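**Student:** Quick one: structure below, then a few questions.
The values are calculated or read from the model by the stated rules, or taken from the named source; none is laboratory data. Note that this is a predicted model, so its numbers are computed, not measured. Positions of Cβ are generated from backbone atoms using ideal geometry, with glycine treated the same way; all protein chains shown enter the neighbour counts. What goes into the accessible areas is simple: the full protein's heavy atoms, side chains included, and nothing from ligands, DNA or RNA. Shrake-Rupley method; radii C 1.70, N 1.55, O 1.52, S 1.80 Å.
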Amino acid sequence: MNQAILFNDDHSYIVAKKIWHFTGLMSGNLINIYIAHSTSTASQADKFDWEEQVEEWLEDNEPDENNEIWL
């Protein structure tokens, strides 16, 4: 399997926006990923699900001009 993005294990929750933030490397560029999620707790399974969502999203899309992905 060719992985389009390598994910970092640096998940953090932004309370004011109710989103999770983590980063990944794609073609040598640091990508910021934001996932809407109403709770500040996330299991390892949640994190794997988010990574899978990002990979599926990347099949048809590219990060924006700020190297960000919002899901």
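**Student:** Once amide H atoms are built 1.01 Å from N in the peptide plane, which residues 5 or more positions from Ile19, or in another chain, come under 5 Å H to H?
**Tutor:** It is Ile14, His37, by chain and number.
**Student:** Filter the trypsin sites (Lys or Arg not before Pro) in the chain down to the DSSP loop ones having no more than 15 other Cβ atoms within 10 Å, then list what survives.
**Tutor:** Of the trypsin sites (Lys or Arg not before Pro), the ones in loops of the chain whose Cβ has at most 15 other Cβ atoms within 10 Å are Lys18.
**Student:** For Leu30 paired with Phe48, estimate the spin-label separation in nm (one decimal), with each label point 7 Å from Cα along the Cα-to-Cβ line.
**Tutor:** Placing both labels 7 Å beyond Cα along the Cβ direction yields 2.8 nm.
**Student:** Now a separate question. Hey, can you find the accessible area per residue of the range 1-45 for me, probe 1.4 Å, expressed in square angstrom? Walk me through the intermediate numbers first.
**Tutor:** Details: 2860 Å² over 45 residues.
Here the per-residue accessible area is 64 Å².
**Student:** Express the relative contact order of the chain as a whole percentage, based on alpha carbon pairs under 8 Å and six or more residues apart in sequence.
**Tutor:** 29 percent
**Student:** Pick out, in residue order, every one of the GluC sites (Glu not before Pro) in the range 28-68 that is DSSP loop and has at most 15 other C-beta atoms within 10 Å; say none if there are none.
**Tutor:** Sites meeting the loop and neighbour criteria: Glu59, Glu65.
**Student:** Within the range 54-68, list the residues whose amide N lies under 14 Å from a label point set 7 Å along Cα→Cβ of His11.
**Tutor:** 54
**Student:** Taking the Cα centre of the chain as origin and charging only Cβ (+1 Lys, Arg; -1 Asp, Glu), how large is the dipole, in debye to the nearest 20?
**Tutor:** Numbers: 3 positive and 14 negative charges, 85 e Å.
Value, rounded to 20: 400 debye.
**Student:** Of the heavy-atom accessible surface of the chain (probe 1.4 angstrom), what whole percent is carbon and sulfur?
**Tutor:** Result for the chain: 47 percent of the exposed heavy-atom area is carbon or sulfur.
**Student:** What does the helix-only formula give at 222 nm for the chain: each DSSP H stretch with n ≥ 4 adding -39500 (n - 2.57), the total divided by the residues, and the result rounded to the nearest 500 deg cm²/dmol? Could you put the intermediate results ahead of the total?
**Tutor:** Values: 1 runs with 15 residues, N = 71.
Mean residue ellipticity, 222 nm, calculated: -7000 deg cm²/dmol.
**Student:** Whole-Hz Karplus ³J(HN,Hα) for the range 17-24, in order, using 6.51 cos²θ - 1.76 cosθ + 1.60 and θ = phi - 60°, x for Gly and Pro?
**Tutor:** 9, 6, 9, 9, 10, 8, 10, x
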